[in-house]
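Chemist: Supplied in structure tokens, the structure appears directly below.
The values are calculated or read from the model by the stated rules, or taken from the named source; none is laboratory data. Treat the numbers as computed from the prediction; the structure is a model and nothing was measured. Using ideal geometry, Cβ is built from the backbone for each residue, glycine included, and neighbour counts are taken over all protein chains shown. Only protein heavy atoms, including side chains, enter the accessible area calculation; ligands, DNA and RNA are left aside. Shrake-Rupley method; radii C 1.70, N 1.55, O 1.52, S 1.80 Å.
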Amino acid sequence: MKLNRKDILGIQELPVEEINLILDTADSFSEISTREIKKVPTLRGKTVISLFYEPSTRTRTSFEIAGKRLSADMISISSLTSSVAKGETLIDTAKNLEAMNPDVIVIRHGCAGTPHLLAGILKPSVINAGDGAHEHPTQALLDLMTIRSKRGRIAGLKVAIVGDIAHSRVARSNIHGLKKMGARVSVAGPATMLPRGIEKMGVAAHTRIEEAIGDADIIMMLRIQTEREKQNIFPSLREYSRHFSLNNGNIGLARKDVLIMHPGPMNRGVEISPDLADGSHSIILDQVTNGVAVRMALLYLLTGGTP
Amino acid sequence: MKLNRKDILGIQELPVEEINLILDTADSFSEISTREIKKVPTLRGKTVISLFYEPSTRTRTSFEIAGKRLSADMISISSLTSSVAKGETLIDTAKNLEAMNPDVIVIRHGCAGTPHLLAGILKPSVINAGDGAHEHPTQALLDLMTIRSKRGRIAGLKVAIVGDIAHSRVARSNIHGLKKMGARVSVAGPATMLPRGIEKMGVAAHTRIEEAIGDADIIMMLRIQTEREKQNIFPSLREYSRHFSLNNGNIGLARKDVLIMHPGPMNRGVEISPDLADGSHSIILDQVTNGVAVRMALLYLLTGGTP
Amino acid sequence: MKLNRKDILGIQELPVEEINLILDTADSFSEISTREIKKVPTLRGKTVISLFYEPSTRTRTSFEIAGKRLSADMISISSLTSSVAKGETLIDTAKNLEAMNPDVIVIRHGCAGTPHLLAGILKPSVINAGDGAHEHPTQALLDLMTIRSKRGRIAGLKVAIVGDIAHSRVARSNIHGLKKMGARVSVAGPATMLPRGIEKMGVAAHTRIEEAIGDADIIMMLRIQTEREKQNIFPSLREYSRHFSLNNGNIGLARKDVLIMHPGPMNRGVEISPDLADGSHSIILDQVTNGVAVRMALLYLLTGGTP
């Protein structure tokens with residue numbers, strides 16, 4: 001089976017078989033990063049450009065390591081050091097990059113839909129590395145991979161997602177992915193952070209964390225974007241933390257073997273207590289490790305590889 | 001035949017035979033970027049440092065891709081993240097880099113003559129990637145390559161260059177190159193943007209775009225640097241655009257098969273109308289594609305390669 | 001003999017045999033950078049991440065070139081373009097990078113002790129590329145290598161270090177290294193720039209440059225950090241320069257064959273006169289060349305290589 005598409009834009013449009021294909025491929029690639037010589041010649045002579053309009057360490061580095069371990073030529077462009085300042089349109093920048101014959105363009109942009117716009121215009125594959133509050137599909141794929149590898153399955157699990165659901169592309173992509181793979185999903189957050197009509201996505205929505213995490217197999221804590229405090233979406237960090245952090249006081253509501261996830265970067269002591277972040281339930285760093293494998297799988301499959 | 005020089009500093013000092021050598025080599029390299037595996041081991045073990053004191057996406061990325069497709073080790077230094085802020089002289093920075101045994105240093109700098117200064121001091125080859133308003137030889141070479149590949153020749157063609165001639169290193173390098181290759185060149189711009197004595201370069205100078213583009217085979221539109229508006233070099237962008245943009249109203253003055261070029265980044269709707277930028281006469285993206293091939297050729301020839 | 005440690009954190013804890021091992025290995029690696037093909041496959045498939053929280057050209061580039069010449073995959077993260085701004089703790093950033101399975105993490109940080117903190121937590125090797133005013137061990141190693149290769153030995157030489165001793169990690173690391181290798185060390189600087197109890201490190205401390213450099217075999221001039229002027233550590237640059245610069249007026253106090261060193265970047269005309277910086281006594285650029293070799297040696301030895 002080959003991946004039946006040119007681009008990875010979101011989980012919403014990805015059928016279950018392709019998700020499984022990606023996860024299976026990622027599973028098999030994950031071994032490479034544990035070898036003495038962490039490099040295979042698979043993508044030798046392929047050019048991958050990452051174009052980040054928002055700062056990032058984790059995702060950009062993960063793609064760069066993934067590509068280099070596959071021997072691809074990796075080119076990194078950040079809006080800080082580029083001619084973006086010179087007033088060129090995004091489409092012109094992208095068409096210019098396309099003219100240099102890359103195989104894949106990885107893009108992160110603050111505006112939802114940007115990767116889709118480019119994918120429709122460009123010949124190379126486009127991978128969405130996060131578009132506004134819309135989707136972050138590689139994050140959801142690495143989350144699915146992590147759950148599957150830890151629990152052996154996704155179907156039937158109860159997954160709670162807690163935080164600023166309305167503004168989180170991680171939440172959106174994960175809800176799509178988890179529902180497709182058969183999980184039950186509940187979300188919790190302050191009323192101002194729950195998107196209207198969220199129930200239509202097939203999730204149970206709560207305004208109390210306790211309701212969402214009850215009997216959960218998996219709890220995904222979202223990063224609270226502290227800059228939103230100023231926008232009056234919530235009264236104060238302390239207030240938010242008191243009501244919506246995961247801590248030793250409420251973790252007992254979940255299943256005994258609950259797994260705790262976080263896409264990072266974490267605000268320790270705000271959305272999650274430090275001891276839970278570092279404790280035995282946490283699989284936060286497994287997520288990061290699997291991120292490299294998922295991105296290797298995507299780069300491989302999009303450039304024509306078969307598992 | 002080998003390239004008879006250590007550095008590429010400007011088109012002014014480049015004899016016709018060497019220009020032809022570079023263009024021929026670039027022609028033969030351009031095929032590599034269309035292969036399934038876009039990589040050859042030619043420059044394995046060579047070190048190329050790019051040192052950019054001005055922001056750039058296009059040129060920096062083009063060099064990086066060119067070098068990586070030849071298997072060179074590419075090191076990128078931008079003044080934003082470097083110790084330039086610490087008050088070291090440019091020459092000391094360059095001598096320090098030289099001490100690390102690079103084969104080629106690619107430099108862009110806001111001051112005219114900087115690459116020449118370094119070339120006289122340093123053992124590695126120096127490529128001028130743009131020095132102030134002086135020269136941008138790799139841009140001119142890729143423009144010549146593009147014209148030659150589209151028209152089969154350069155000699156005898158009429159080429160119009162329109163915009164801020166006085167402050168454009170692209171214009172200067174192209175005038176030198178086009179004249180050497182036997183083209184007829186006319187330039188147009190507001191009187192404040194035409195350098196005094198420009199006719200001595202062998203070009204016809206006009207203050208109306210219509211006069212310059214009449215019967216042109218090629219029209220090169222220059223980027224208007226919008227920050228100059230504040231310096232009162234022209235009254236307003238709208239005014240500039242009304243008199244000097246290329247659009248459907250004046251394109252008919254050129255030859256029917258006229259080709260439109262632009263070094264990028266474009267100000268759509270200012271110096272060029274969007275439909276012409278994207279239309280069938282435009283070879284703007286071919287320029288970008290050829291940029292990679294020209295830079296591959298230069299890196300190859302400067303490190304001792306023979307065609 | 002193998003290097004008996006996971007990390008390179010400082011010269012203070014490095015025994016003489018390991019210093020010699022590193023210098024010997026660096027000596028043998030230095031030839032690679034003079035070859036036609038400056039690349040060996042030794043570290044193929046190893047991942048080296050450099051994480052710089054302070055700007056740097058010299059050190060960052062030196063590590064990058066060193067790693068690439070050994071065929072390692074080099075990943076460069078600077079705090080300017082990373083998620084450091086998002087408020088993640090340094091330890092979380094480091095643990096995240098660790099989860100991507102790098103072999104070596106090279107870190108520069110403004111806070112003394114940061115590399116030691118990370119080394120105690122992380123499985124990959126950690127190399128200190130400068131921590132606050134504490135240590136800069138790779139600088140000291142390249143300085144020792146340079147002295148040894150120029151003089152044939154270190155033991156018994158008289159080395160003078162002049163400048164802001166109190167705030168210089170270069171001075172601290174060099175004092176440790178030089179004393180271990182049997183050199184006699186004298187330091188000079190304004191009283192405000194001499195740390196209290198410096199004599200306990202086994203050096204002679206002076207408040208006049210003339211006293212320190214008398215009969216010196218080697219003079220190391222430190223970069224004066226001009227921003228300290230505002231902190232009233234010294235009255236003015238001119239004042240500082242008049243009393244503590246190395247120039248033709250005082251160089252005659254040293255041995256006839258004295259060698260002049262500087263870790264860069266230099267403030268010409270402040271701590272060192274330009275003619276001495278460029279003169280026949282100067283081995284400043286040899287230091288830079290040897291920096292690549294020392295870093296190749298460290299990357300090699302830390303990833304399990306044997307000389």
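Chemist: Straight-line reach only, C-alpha to C-alpha below 12 angstrom: list the aspartates and glutamates that C:LYS256 could link to, leaving out same-chain residues fewer than 8 apart.
Modeler: Cα-Cα hits under 12 Å: C:ASP215, C:ASP217.
Chemist: Could you work out the relative contact order of region C:152-307, using alpha carbon pairs under 8 angstrom and six or more residues apart, expressed as a whole percent?
Modeler: In percent, rounded to a whole number, it is 21.
Chemist: Largest first and in whole Å, give the semi-axes of region B:137-235's equivalent ellipsoid, each being the square root of 5 times a Cα gyration tensor eigenvalue.
Modeler: 23, 14, 12
Chemist: Under 19 Å between alpha carbons: how many lysine pairs meet that in region A:1-74, if sequence neighbours fewer than 8 apart on the same chain are excluded?
Modeler: Taking region A:1-74 as the scope, the lysine pair count is 6.
Chemist: Considering only protein heavy atoms and a probe of 1.4 Å, how much of the accessible area of the protein assembly as shown is carbon and sulfur, as a whole percent?
Modeler: Carbon and sulfur atoms account for 51 percent of the accessible area of the protein assembly as shown.
Chemist: Translational diffusion coefficient of region B:252-298 at 20 °C, 1.002 mPa s, Stokes-Einstein with Kirkwood Rh over Cα pairs, in µm²/s as a whole number.
Modeler: D = 182 µm²/s.
Chemist: Over region B:228-296, give the accessible area per residue in Å² for a 1.4 Å probe, as an integer.
Modeler: Working: 3060 Å² over 69 residues.
Accessible area per residue, region B:228-296: 44 Å².
Chemist: When 1/r is averaged over all different Cα pairs and the result inverted, which Kirkwood radius in Å belongs to chain B? The partial results should precede the final answer.
Modeler: Working: mean 1/r = 0.0506 Å⁻¹.
With all distinct Cα pairs of chain B included, I get 19.8 Å.
Chemist: Per residue, what accessible area does region C:94-196 have, given a 1.4 Å probe and all protein chains present, in Å²?
Modeler: Heavy-atom accessible area per residue stands at 27 Å².
Chemist: How about region A:253-285: which of its residues lose at least 30 Å² of accessible area in the presence of all protein chains relative to their chain isolated, using a 1.4 Å probe?
Modeler: Listed in order, they are A:PRO265, A:MET266, A:ARG268, A:LEU285.
Chemist: For region B:152-198, what Kirkwood radius comes out of the mean inverse Cα-Cα distance, in Å? If you can, show how the numbers build up before the last one.
Modeler: Values: mean 1/r = 0.0916 Å⁻¹.
Computed over region B:152-198, the radius equals 10.9 Å.
Chemist: Would you mind giving the total buried accessible surface between chains B and C, with a 1.4 Å probe and ligands, DNA and RNA left out, rounded to the nearest 100 Å²?
Modeler: Using a 1.4 Å probe, the pair buries roughly 2600 Å².
Chemist: Something else about it: So what is Rg over Rh here for the protein assembly as shown, counting just Cα atoms and using Kirkwood for Rh?
Modeler: With Rh from the inverse mean 1/r over Cα pairs, Rg/Rh is 1.00.
Chemist: Taking a label point 7 Å from the Cα of B:ALA155 along the Cα→Cβ vector, which residues of region B:175-190 have an amide N closer than 11 Å to it?
Modeler: Answer for this model: B:181-183.
Chemist: What's the magnitude of the charge dipole for region C:223-307 around its Cα centre, counting Lys and Arg as +1 and Asp and Glu as -1 at the beta-carbon? Answer in Debye, nearest 20. Let's see the in-between values first.
Modeler: Details: 9 positive and 8 negative charges, 29 e Å.
With only Lys, Arg, Asp and Glu charged at Cβ, the dipole is about 140 debye.
Chemist: I'm checking a number: the convex hull volume of the Cα atoms of region C:14-91, normalised per residue, in Å³. What is it? Write down the numbers at each step before the final one.
Modeler: Working: hull volume 10.7 nm³, N = 78.
That works out to 137 Å³ per residue.
Chemist: So for chain C, taking the charge dipole from beta-carbon charges (+1 Lys/Arg, -1 Asp/Glu), which of C:SER273, C:THR89, C:MET221 sits furthest toward the positive end?
Modeler: So the residue furthest toward the plus end is C:THR89.
Chemist: Grab the DSSP H runs of the protein assembly as shown that are 4 residues or longer, score each as -39,500 (n - 2.57), total them, divide by all residues and round the 222 nm result to the nearest 500 deg cm²/dmol. Working shown, then result.
Modeler: Working: 30 runs with 321 residues, N = 921.
About -10500 deg cm²/dmol.
Chemist: While we're on this one: For chain C, what's the relative contact order in percent, using C-alpha pairs closer than 8 Å and at least 6 residues apart?
Modeler: Details: 598 pairs, mean separation 64.9, N = 307.
Over chain C, the number comes to 21 percent.
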